[in-house]
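The values are calculated or read from the model by the stated rules, or taken from the named source; none is laboratory data. What you are looking at is a predicted structure, and each value in this text was computed from that prediction instead of being measured. Using ideal geometry, Cβ is built from the backbone for each residue, glycine included, and neighbour counts are taken over all protein chains shown. These area figures cover heavy atoms from the full protein model, side chains too; ligands, DNA and RNA do not enter into them. Shrake-Rupley method; radii C 1.70, N 1.55, O 1.52, S 1.80 Å.
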Amino acid sequence: MDNSEQILTLIKPFVEQGKILPRSRQEIEESIDDFVLLFDGDQLLACAGLKDCQEGSMGEIYSLAVAKNVQNTGLSKKLLNKILIKAKLRKFSKIFALTKFGTDWFVKNGFTQMNISDLPIKRQKYFNHDRNSSIFFKEVI
């Protein structure tokens with residue numbers, strides 16, 4: 001199973017629960033370089049995409065998922081550290097995530113809840129008001 005297929009398999013239950021927006025295989029393959037992946041051997045345990053917003057040196061975290069059987073084991077913190085390293089390498093000053101769930105996790109990991117107006121202008125245009133996600137920012141140090 002290739003990485004894009006493993007990502008789709010990992011995020012599928014979260015997509016079904018409405019926690020992660022659906023992505024097609026083609027979308028994943030076209031953005032595979034965005035992804036930070038954590039494996040145990042050849043088994044994908046956690047993933048997150050980090051997209052360049054092309055504005056304000058900000059990156060957006062998306063499709064963040066940790067396999068159910070390894071949740072609450074510190075893996076999400078390890079994933080966040082890898083996201084921050086990737087963000088530094090890409091010279092982002094801030095990262096942000098939109099979420100309907102896991103808001104406590106973001107706060108606990110140093111994110112600050114912000115408003116739609118704090119998003120990059122291009123991203124504001126695509127904000128889904130029906131979904132009404134919370135927006136969390138974190139400085140990249």
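Between Val70 and Lys51, what is the label-to-label distance in nm when each label sits 7 Å out along the Cα-to-Cβ direction?
2.5 nm
Need the full-extension length gain, Arg90 to Met1, defined as separation in residues times 0.36 nm minus the C-alpha distance. One decimal, nm.
Length gained, Arg90 through Met1: 29.2 nm.
Please give the helix 3-16 orientation as an angle from the longest Cα principal axis of the chain, in degrees from 0 to 90, rounded to the nearest 10.
For helix 3-16, the angle is close to 70 degrees.
If you average the sequence gap of Cα pairs under 8 Å that are 6 or more apart and divide by the length of the chain, what percent do you get for the contact order?
Taking the mean separation of contacting Cα pairs over the length of the chain, I get 21 percent.
Starting from the Cα gyration tensor of the stretch 89-130, take the square roots of the eigenvalues, sort them a ≥ b ≥ c, and report rounded, prolate or oblate (rounded when a/c is under 1.5, otherwise prolate if a/b is larger than b/c, else oblate).
Oblate is the answer for the stretch 89-130, as a/c is 1.5 or above yet b/c matches or exceeds a/b.
Using a 1.4 Å probe and counting only protein heavy atoms, arrange Ser4, Ser93 so the residue with the most accessible area comes first.
Ser93, Ser4
If I fit a long axis through the Cα atoms of helix 75-89 and take the longest principal axis of the Cα atoms of the chain, what angle between them do I get, 0 to 90°, rounded to 10?
With rounding to tens, the tilt is 60 degrees.
Go ahead and set up a Gaussian network model of the chain, Cα springs under 10 Å, then flag whichever of Ile32, Ile20, Ile83 fluctuates most.
Ile32
Between rounded, prolate and oblate, where does the chain land on the alpha carbon gyration tensor, with a ≥ b ≥ c its root eigenvalues, rounded for a/c under 1.5, else prolate if a/b exceeds b/c?
rounded
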